[in-house]
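Notes follow the structure.
The values are calculated or read from the model by the stated rules, or taken from the named source; none is laboratory data. Because the structure is predicted, anything quoted here is derived from the model rather than measured. Cβ atoms come from the backbone with ideal geometry, glycine included; neighbour counts cover every protein chain shown. Note: accessible area is taken over every heavy atom of the protein model, side chains too, but ligands, DNA and RNA are not part of it. Shrake-Rupley method; radii C 1.70, N 1.55, O 1.52, S 1.80 Å.
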Amino acid sequence: MSLVTLKTKVEQLIDRVLSFPVLTEYADTSYTRPTWWLPYPVLTEGKSVNEIFLLLEVDADTAEYDGTDLSGTPVLPNGKKQFWKRIEGTQVEGDIPELLEVYANCAEEWCFSHQSVTVTTTLANARAIYPKLQIISGTPMKISSTMNTLPATGRLRIINCEVHVDSSSQLSGIFAYSGLLKAPVIRADVALPYAFNSCLSLTDAGVFGGAVCTGGNYAFQYCTSLERVHISEPCTVSSLTFNKCSSLRYVTVDKGFSGSLYLHHSTKYSSETLHAIIENYADCTGLGVVFQVGDDNLEKIDAAHKQMLESKGIEYK
């Protein structure tokens, strides 16, 4: 092999490596992308590209899948075959039980499109459209109806792209009963009740409210592992937003916050956390704002900060 040819191949290899999304480890979660999964494909360059790559996993004896010849595809250490399927366009359509991962490279927002599944308080009659799906990443994803949502996707761990909710009415349970470890960045102009209902692995709710997402009743109900959330205005937090979130301990709010907070479902807050919330509250005189933390947490609040609540016109209990 000539030095020129070798140099060209090395440059191609470097370009290919640099084109891979750096998504192997995810900060603030316990999730690591499995080492035996195929490396990421080369993305098409250009400002008008709309392509979605799907990582599919099939049995070792599968010779063909939806027109793709797999006869020469090697069997991986987990005893399965994997391959990336490229879709032109902005939709992942229908049931794909073999789907492990989605990586979108779209100039426009992309979405899932499947049979409508609505899950709020129960899993009865619900099924996961993508039962093996673990990772979604790339360019922003759109949710405009229940046909774009991902409830009951129990193995879904990471959504590493923005989620844009484009709907004229509220959508319930968009990620309910999923296996998410951390809430994605959501941008929505409507309430999202039951958004993460019964996501038992969720530990970090990210930012709730503000430009990211408006409030929603029961939004984090039964998220029993949830530890952390930042609450930003405008946001509606009801007495049931964090129902049964008994592990919640790190709650922060914007400076000048003026909404009611119902945090009495957990007793794990430190004095420092509670005092910081009180200090960030605006003067809420005449607004009927409630700060409910329960008797155990009230004992952690010193007299000076209780006086601060009173001076700001905030009812505490």
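Could you check, for the stretch 256-267, whether at least one of its residues is of a type in the set (A, V, I, L, M, F, W, C), more than 16 Å from Pro193 (Cβ to Cβ) and not in a loop (DSSP other than H, G, I, E, B)?
Yes: one or more hits.
In this structure, is Glu45 closer than 24 Å to Val92 by Cα, among the acidic types (Asp, Glu) and exposed (fewer than 15 other Cβ atoms within 10 Å of the Cβ)? Step through it out loud before you land on a result.
Values: closer than 24 Å to Val92 by Cα: yes; among the acidic types (Asp, Glu): yes; exposed (fewer than 15 other Cβ atoms within 10 Å of the Cβ): yes.
Yes.
Pairs under 9 Å by beta carbon, first residue hydroxyl-bearing (Ser, Thr, Tyr) in the stretch 49-69, partner part of a loop (DSSP other than H, G, I, E, B), six or more apart or different chains?
Thr62/Leu70; Thr62/Thr73; Tyr65/Glu98
Quickly run through the stretch 181-194 and pick out the residues that are of a type outside the set (Val, Ile, Thr) and farther than 18 Å from Ser246 by Cα. Please lay out each step first, then the result.
Pass one, the stretch 181-194, residues of a type outside the set (Val, Ile, Thr): 181-184, 187-189, 191-194.
Residues satisfying the conditions are Pro184, Arg187, Ala188, Asp189, Ala191, Leu192, Pro193.
Within the stretch 232-245, does at least one residue satisfy the condition of being at pLDDT below 95 and either at positive phi or not in a loop (DSSP other than H, G, I, E, B) (or both)?
yes
Could you tell me whether the stretch 76-90 includes any residue that is under 21 Å from the mean Cα position of the chain (by Cα) and acidic (Asp, Glu)?
Step one: of the stretch 76-90, the residues under 21 Å from the mean Cα position of the chain (by Cα) are 90.
Of the ones still in play, those that are also acidic (Asp, Glu) are none.
No - not one qualifying residue is present in the stretch 76-90.
With respect to Leu181, determine if the residue is of a type outside the set (Asp, Glu), out of contact with any helix residue (DSSP H, G or I) (no Cβ under 6 Å at 6 or more places or on another chain) and modelled with pLDDT under 95. Can you show your working first?
Numbers: of a type outside the set (Asp, Glu): yes; out of contact with any helix residue (DSSP H, G or I) (no Cβ under 6 Å at 6 or more places or on another chain): yes; modelled with pLDDT under 95: no.
Criteria not met by Leu181.
For residues that are within 24 Å of Trp37 (Cα to Cα), of a type in the set (A, V, I, L, M) and free of Cβ contacts under 8 Å to residues at least 40 places away in the same chain, tally how many sit in the stretch 137-171. Reasoning before the result, please.
Let us first name the residues in the stretch 137-171 that are within 24 Å of Trp37 (Cα to Cα), namely 137-141, 150, 152-162.
Among the residues that remain, those that are also of a type in the set (A, V, I, L, M) are: 141, 150, 152, 156, 158-159.
Retained after the next criterion (residues that are free of Cβ contacts under 8 Å to residues at least 40 places away in the same chain): 141, 150, 152, 156, 159.
Of the residues in that region, 5 qualify.
Quick grid of which residues meet (1) touching a Cys at 6+ places or on another chain (Cβ under 6 Å); (2) closer than 20 Å to Ile129 by Cβ; (3) modelled with pLDDT of 95 or more; (4) open to solvent by 70 Å² or more (accessible area, probe 1.4 Å):
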| position | (1), (2), (3), (4) |
| --- | --- |
| Asn78 | no, no, no, no |
| Lys85 | no, yes, yes, no |
| Gly89 | no, yes, yes, no |
| Val92 | no, yes, yes, no |
| Asp95 | no, yes, no, yes |
| Leu99 | no, yes, yes, no |
| Ala104 | no, yes, yes, no |
| Ala107 | no, no, yes, no |
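Can you tell me how many residues within the stretch 248-264 are free of Cβ contacts under 8 Å to residues at least 24 places away in the same chain and open to solvent by 10 Å² or more (accessible area, probe 1.4 Å)? Explain how you work it out, then say what you get.
Initially, the stretch 248-264 is screened for residues free of Cβ contacts under 8 Å to residues at least 24 places away in the same chain, giving 248, 250.
Still in the running and open to solvent by 10 Å² or more (accessible area, probe 1.4 Å): 250.
Residues meeting the conditions: 1.
Which is more than 29 Å from Leu240 (Cβ to Cβ) and among the hydroxyl-bearing types (Ser, Thr, Tyr), of Thr122, Thr153, Thr139? Before you say what the answer is, go through the steps one by one.
Numbers: Thr122 fails: more than 29 Å from Leu240 (Cβ to Cβ); Thr153 fails: more than 29 Å from Leu240 (Cβ to Cβ).
Of Thr122, Thr153, Thr139, the one residue that is more than 29 Å from Leu240 (Cβ to Cβ) and among the hydroxyl-bearing types (Ser, Thr, Tyr) is Thr139.
Scan the strands (runs of 3 or more DSSP E) fully inside the stretch 39-153 and keep the ones with 1 or more residues being at positive phi.
On the way: elements: 50-59, 80-88, 91-93, 99-106, 111-113, 135-138, 141-143.
In the stretch 39-153, 135-138 are the strands (runs of 3 or more DSSP E) which contain 1 or more residues that are at positive phi.
For the stretch 268-305, what are the residues that are hydroxyl-bearing (Ser, Thr, Tyr), within 23 Å of Pro234 (Cα to Cα) and either in contact (Cβ under 8 Å) with a residue 40 or more places away in the chain or part of a helix (DSSP H, G or I) (or both)? Give the steps one after another, and end with the answer.
Start the filter on the stretch 268-305 by keeping residues that are hydroxyl-bearing (Ser, Thr, Tyr), which leaves 269-271, 273, 281, 285.
Applying the additional criterion that residues be within 23 Å of Pro234 (Cα to Cα) yields 273, 281, 285.
Within the stretch 268-305, Thr273 is the sole residue that qualifies.
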